[in-house]
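So the structure is just underneath, and the comments pick up after that.
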Amino acid sequence: MLLRIRVARVAELEVGRALAVEVNGKRVALCRPSQDEFYAIDDICSHALASLSEGELMGYEIECPKHGAHFDIRTGEALTLPATRSVHTYKLVVENGELFIEMPDEGR
């Protein structure tokens with residue numbers, strides 16, 4: 001079963017930036033590479049405990065601020081070393097100026 005949870009207003013997320021939110025005890029980075037595109041990935045780097053939302057967003061890539069690994073925000077794929085494992089991605093839905101994330105209900 002999927003949970004659909006409101007996470008932010010569109011206006012809170014600047015173009016070219018990422019924003020960390022907590023959803024059901026999990027840190028998620030909301031990313032806005034362009035005016036009308038929104039993506040959500042795990043906020044914690046798969047290589048080291050660093051917040052991806054604190055890194056630089058460059059188009060569809062986000063850079064870990066700790067060791068410089070790059071991840072594709074559309075797929076979660078680790079694109080450069082030292083990261084070798086992908087991070088999870090989540091579907092974001094925009095509705096009436098609000099962002100909703102869809103994620104599995106792990107409590108069921």
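Throughout, read-outs are computed from the coordinates displayed, never taken from laboratory work. What you see is a predicted model; the values in this text were computed from it and never measured. No Cβ is skipped: glycine too gets one built from the backbone with ideal geometry, and neighbour counts run over all protein chains shown.
Here is the list for segment 1-64: GluC sites (Glu not before Pro) lying in DSSP coil, each with at most 12 other C-beta atoms within 10 angstrom of its C-beta, are 14. Pairwise Cα distances in the chain exceed 15 Å in 58 percent of cases. Cβ distances below 4.7 Å define possible disulfide partners, and in the chain the cysteines left without one are 31. Just checking the listed ones, 97, 76, 55: in the Gaussian network model of the chain with Cα springs under 10 Å, the one fluctuating most is 97. Taking 46, 34, 86 as the candidate residues, the one with maximal mean-square fluctuation in a Gaussian network model of the chain, Cα springs under 10 Å, is 34.
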